[in-house]
Amino acid sequence: MPTVVARQDLPRRVLSVLVTVLVALGLVAALPGRALAGPSEGSFFSAVNSARAANGLPALAYASDLASVARRQAERMASSNRLYHNPNLGSEVSSWQIVAENVGYGPTWSAVQQAFMASPDHRANILDPKVTQLGVGTAVGNDGRIWVAQVFRLPYGATAPSSGSGTGSTSSGWSSGAATSSALSSPAPLTPEQLLRQRIATARAKVSGGKTAGKDPLVKALAFSSVMATVGR
C-alpha cells in the first residue's frame, strides 16, 4: 500500500492530487474530523450504526480519541499477525463508565463485520443500548488481510440512552474472518500483581515490535534475555 508523507513545504496542489488518488483507490474513508483514515473504517462505522438502527437503537457518535486507540491496536495486530485484545484498553481510553472492544481480521471488511454480527458477544457490543460512542481503526497485514478494532464507550458522567426495542434476528452465516470481544465497566484499581503483569506484557510487546531503545530497564532486560536465548540455541 503506498505511503504518503505530508510535509508543510509540499505544494498544496501536490497534496491535493495525492489525496484524490487515495480516494480513488478507496483508501480514504470519510469520517467526521478525520481526513485520512485507515481502509474501510468508514464502512465499519456505518455498518455498526445501520445494525443499531435496524434494532431500534440510536446511532453511535464518532469519537476521534477512540479511533486513535483502535487504530493503534489494529496496527499492532497486523504487524504481529496475531489477534488479541488491547491489554491497556482501560487506561488508554479516557473518561469512561463503560468501554468495550471488538477485534477481528478477515479478507474484507464486510467479512469481518459479518463475523461480528454472527457472534453473540460481538453483536452484544455493537447493539449495546448503554454505549454512545464508537471509534474504529483498521490496518492491512502483509498478506492483505484487514485487521480491525472497534472501541465502544459510555463517557463518564453521561446518561445511557433509552434502549429502544433492542430486538432483531441474529444475522445468518459465518465469514472467514476471526474475531474476539471484550467489555469493561466500573473500573477498579489494579492489584500490584496485575500492575506487574500489565507492565511485563507492555514491555514484551515493545520488544517484539523491535522497540528496545529507551530507558525502561524491563524492556532492556527482556531484550537482552531474548538475544541470549537466541545465542544459546
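Nothing in this text is a laboratory measurement; each read-out follows from the coordinates by a stated rule. Because the structure is predicted, anything quoted here is derived from the model rather than measured. Here the Cβ positions follow ideal geometry from the backbone for every residue, glycine too, while neighbour counts run over all protein chains shown.
Quick one: length gained pulling Asp65 to Tyr84 fully straight, 0.36 nm per residue minus the C-alpha distance?
Result for the pair: 4.8 nm of gain on full extension.
For the stretch 55-129, rounded, prolate or oblate, judged on the Cα gyration tensor with a ≥ b ≥ c (square roots of eigenvalues), a/c < 1.5 rounded, else prolate if a/b > b/c?
Working: a/c = 1.80, a/b = 1.06, b/c = 1.70.
Oblate is the answer for the stretch 55-129, as a/c is 1.5 or above yet b/c matches or exceeds a/b.
Label Asn142 and Leu196 with points 7 Å out from Cα along Cα→Cβ: what is the distance between them in nm?
3.5
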